[in-house]
Amino acid sequence: IGHVSEKESSISTMVAQLRQYPLYYWTEKIITYLFTGYVPNKKDKPEFYYGPLNTSISHNTLEGLRLRVGGMTSAYLNPHLMGRFFVAYGFGDKRLKYMGELEYSFKEKKEHINEFPIHSLRLHYENDIFQYGQTYLYTNKDNIFLNLKRMEDNQIGYLRKAEFSYNREHYNHFSYSLTLRNKVYESSRLMQFETRKEGESLFLTELPQTELELSLRYAPGEKFVQKKWDRNSLLPERPVFTLSHSVAMKNILGSQFTCHHTEASARKRFWLSSFGYIDAVVKGGRVWNDVPYPLLIIPNANLSYTLQKESFALMNPMEFVADNYASWETIYYMNGLIFNRLPLIKRLGWREVIDFKGFYGSLRPSNMPNETDSRGLFLFPRENHPFTNVPYMELSFGIENIFKVLEVDYVRRLTYCDLPGISKHGVRIRVHVQF
């Protein structure tokens with residue numbers, strides 16, 4: 001034990017000496033902020049964080065070069081009321097985008113609004129681009145590391161969204177939220193809202209909807225790792241369930257269509273002792289009415305060369321559209337089950353990862369717009385491929401812990417491989433940086 005402590009002490013001393021050199025000090029700071037996101041206004045008890053830093057500059061097909069500034073307050077400024085904002089500008093469309101959010105916590109916070117348990121009222125307004133078929137669940141859509149893409153992204157429009165929500169978490173890990181939401185989908189030069197009436201084309205500029213959504217979540221035994229501005233969930237051995245339903249009624253608060261939308265999911269971590277563990281998630285949902293494509297279910301495609309959970313690395317945006325679906329993802333972290341038995345590779349500390357995911361859906365004929373008379377539905381902006389009796393599936397084999405920070409995966413598309421303009425395989429990466 002003394003030998004380990006002495007070794008750790010010498011490393012700490014060496015790092016401390018390196019930090020005295022400006023080049024090393026600022027390189028470490030910049031890399032840390034690029035991957036962790038936010039820059040505090042001061043070292044101790046910061047009242048304000050600038051960021052995320054990795055969204056300051058980006059590029060997409062609609063906006064061209066995009067610059068963004070933003071930040072958020074902390075509980076050191078006010079332990080009950082906290083806010084977030086950003087302002088962005090696209091030099092291609094010459095249009096300003098922005099977001100503002102205020103959240104009042106009934107429970108006094110120590111550092112950040114997301115500290116467990118949440119009991120709050122939130123007011124949110126956003127005017128920004130909207131990427132159809134691309135929802136990055138664990139990062140920002142304008143993260144600079146997503147800029148390099150495997151194909152041109154031309155499925156981008158605009159979205160104005162206003163929300164007022166009540167959020168409550170209980171100590172038994174049951175939580176719920178009730179949200180009143182107004183959304184206005186806006187067409188762009190890339191995404192047209194075209195309908196047909198008696199063979200004539202009509203182009204609309206906006207699709208307004210106002211919906212009320214109830215979301216439920218139950219995660220027995222869940223624990224969190226609390227960071228300065230966020231938290232990470234440590235999945236318990238018991239499953240985590242979510243259920244949500246939203247409803248919009250035609251001609252009420254500006255809604256153009258009646259729409260009921262239900263979503264459910266379950267996720268669980270399976271520990272396999274010395275054989276590693278499996279993270280699994282299954283989802284399902286249904287849109288119960290006949291509505292235009294912005295209100296339908298579009299599988300989550302990932303156009304970047306980075307690995308993103310719960311998205312498909314080789315699917316194109318809007319390649320498939322559905323009004324009911326079931327999906328799954330299982331990631332097997334093998335913890336060196338094979339590599340630890342190979343003498344030379346064992347010393348590298350590499351670990352194996354296998355990821356298998358799929359999406360099975362369908363679209364009712366009544367939700368398919370007609371070229372002659374679309375009944376108010378929008379024509380799909382690109383060729384849509386109907387699902388057969390086979391789900392869309394991907395399989396990837398990867399190596400993580402390369403140089404302690406890198407994961408590299410080979411991804412293979414298993415079904416719908418004969419469609420035009422698709423990628424059958426590719427290499428993807430993920431970076432895990434810890435300081």
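Bear in mind these aren't lab numbers, they're just calculated from the coordinates by the rules spelled out. Note that the structure is predicted; figures quoted are calculated from it, not measured. Glycine gets a Cβ as well: all are built from the backbone with ideal geometry, and neighbour counts include every protein chain shown.
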#### Entry: Nearest 10 degrees, 0 to 90: helix 22-36 Cα axis against the chain principal axis
40 degrees
### Task
In Å and from the alpha-carbon atoms only, list the Rg and Dmax of the chain.
23.5, 84
### Under 16 Å from the Cα of residue 250 - lysines, other chains or at least 8 residues apart
183
### Summary
Dipole check, the chain, charges on Cβ (K,R +1; D,E -1), about Cα centroid: among 180, 265, 399 the Cα furthest to the positive pole belongs to 399
### Query
In degrees between 0 and 90, to the nearest 10, how far off the longest principal axis of the chain does helix 2-18 point, with axes built from Cα atoms?
70 degrees
### Task
Taking a cut-off of 22 Å between Cα atoms, list the lysines near residue 404, but don't count ones fewer than 8 places away on the same chain.
7, 29, 227, 309, 346
### Message
I need the calculated FRET efficiency for the pair residue 47 and residue 108, taking r as the beta carbon distance and R₀ as 22 Å, to the nearest 0.05.
### Response
0.90
### Query
Say each of residue 250 and residue 286 gets a label point 7 Å from the Cα, pointing the same way as Cα to Cβ; how far apart are those two points in nm?
2.1 nm
### Among 303, 406, 81, residue whose mean-square fluctuation peaks in a GNM of the chain (springs only between Cα atoms under 10 Å)
406
### Query
Tell me, what is the FRET efficiency for residue 135 and residue 273 to the nearest 0.05, using R0 = 41 angstrom and their Cβ-Cβ distance as r?
0.70
### Summary
Once both label points are put 7 Å beyond Cα along the C-beta direction, the residue 309-residue 227 separation in nm becomes 1.3 nm
### Query
How do 346-358, 282-294, 164-176 rank on mean C-beta neighbours within 10 Å, highest first?
282-294, 346-358, 164-176
### Query
If the label point is 7 Å along Cα→Cβ of residue 337, which residues in region 232-272 have backbone nitrogen under 17 Å from it?
269-272
### Query
Over region 70-176, what is the mean sequence separation of C-alpha contacts under 8 Å (at least six apart), divided by residue count, expressed as relative contact order in percent?
24 percent
### Message
Contact order normalised by length for the chain, with contacts defined as Cα pairs under 8 Å and 6 or more residues apart; what percent is it?
### Response
10 percent
### Message
Could you compute Rg(Cα) / (2.2 N^0.38 Å) for region 253-374, with N its residue count?
### Response
1.47
